[in-house]
Amino acid sequence: GQQVMQIPQYQHVQEGEDFTTYCNSSTTLSNIQWYKQRPGGHPVFLIQLVKSGEVKKQKRLTFQFGEAKKNSSLHITATQTTDVGTYFCAGRDTGRRALTFGSGTRLQVQP
Amino acid sequence: GAGVSQTPSNKVTEKGKYVELRCDPISGHTALYWYRQSLGQGPEFLIYFQGTGAADDSGLPNDRFFAVRPEGSVSTLKIQRTERGDSAVYLCASSPTGPGDTQYFGPGTRLTVL
């Protein structure tokens, strides 16, 4: 079945440093979504990417969808303590209706 | 309501018991999803409803798990003969039309099987 892998599992950065998490799918995706989950909270939608090679920005966050639509990345510039949480990618392959979530990257930001 | 609600927020039960978890989606959302999240893991898909029908139940781990959405709004996830391995946070999400939409998650029900 479809597998979605994320690396790294955990990253600890100093406030102001950049952060990147990578997402790789075993199958070609029709779309990919990114979610953020704060400690003790539930996943909150950040963005959806649909097109091959698509890049979207939200303030300090940059999301990219690979040309082959099998990988994606989230880059945060100049992290802040409010960025703390776990970031999940979730992909839907072309033959399946449901999303498959990655295992997430937990970000810790040291003030 | 403003968002997806789930009840109860916490459920502690004994091994072998039956439990029901409820999800109240955002009004008007036709798609509803159940996930299970274990500590340190991403949400694991269980079942997806489109209206009243289960459009994809391929994530249900075995026949002890069953879910219904009889009127196309509220959904109930039912677990029979609970096992300790069923302990997890059960998340419900809804979206306006289908899996291509943004999914709005509820706060989850933390199930503990003793």
| If you go through segment B:86-97 one residue at a time, do you hit one that is within 13 Å of another protein chain (Cβ to nearest Cβ) and touching a Pro at 6+ places or on another chain (Cβ under 6 Å)? | yes
| task | Kindly indicate the residue of segment B:67-85 that is of a type in the set (A, V, I, L, M, F, W, C) and in contact with an Asp or Glu (Cβ under 9 Å, 6 or more places away or on another chain) and also farthest from B:Glu20 (Cα to Cα) among those meeting that condition. | result | B:Val74
| message | Please determine whether any residue of segment A:68-86 is surrounded by fewer than 19 Cβ atoms within 10 Å (Cβ to Cβ), within 14 Å of chain B (Cβ to nearest Cβ) and closer than 20 Å to A:Met5 by Cα. | response | no
| Near pairs, Cβ below 8 angstrom, 6+ apart or cross-chain, from segment A:92-108 (at the interface with another protein chain (Cβ under 7 Å from one of its Cβ atoms) and touching a residue at least 24 places away in the same chain (Cβ under 8 Å)) to any residue that is among the charged types (D, E, K, R) and not in a loop (DSSP other than H, G, I, E, B) | A:Leu99/A:Arg92; A:Thr100/A:Arg92; A:Thr100/A:Asp93; A:Phe101/B:Glu44
| Subset of segment B:59-111 (residues that are modelled with pLDDT of 95 or more, surrounded by 14 or more Cβ atoms within 10 Å (Cβ to Cβ) and among the charged types (D, E, K, R)) | B:Arg64, B:Arg69, B:Asp86, B:Arg110
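How many of the residues making up segment B:72-91 are part of a loop (DSSP other than H, G, I, E, B) and in contact with a strand residue (DSSP E or B) (Cβ under 6 Å, 6 or more places away or on another chain)? Spell out how you get there, then give the answer.
Pass one, segment B:72-91, residues part of a loop (DSSP other than H, G, I, E, B): B:72-74, B:80-83, B:87.
Restricting the remaining residues to those that are in contact with a strand residue (DSSP E or B) (Cβ under 6 Å, 6 or more places away or on another chain) gives B:74, B:82, B:87.
Going through segment B:72-91 one residue at a time, the tally reaches 3.
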| note | Matching residues in segment A:65-91 (without any contact (Cβ under 8 Å) to a residue 40 or more places away in the chain, within 24 Å of B:Gly108 (Cβ to Cβ) and assigned to a strand (DSSP E or B)) number 0
| message | List the residue pairs whose Cβ atoms are under 6 Å apart, where the first residue sits in segment B:33-54 and is within 11 Å of chain A (Cβ to nearest Cβ), the second is β-branched (Val, Ile, Thr) and not in a loop (DSSP other than H, G, I, E, B), and the two are 6 or more positions apart or on different chains. | response | B:Trp34/B:Ile47; B:Gln37/B:Val89; B:Ala54/B:Ile47
| Mind checking which residues of segment B:83-103 are under 19 Å from B:Asn10 (Cβ atoms), touching a Leu at 6+ places or on another chain (Cβ under 8 Å) and not small (Gly, Ala, Ser)? | B:Arg84, B:Asp86, B:Val89, B:Tyr90, B:Cys92
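The values are calculated or read from the model by the stated rules, or taken from the named source; none is laboratory data. For clarity, every value in this text was computed on a predicted model and none was experimentally measured. Glycine also receives a Cβ, built like all others from the backbone with ideal geometry; neighbour counts cover every protein chain displayed.
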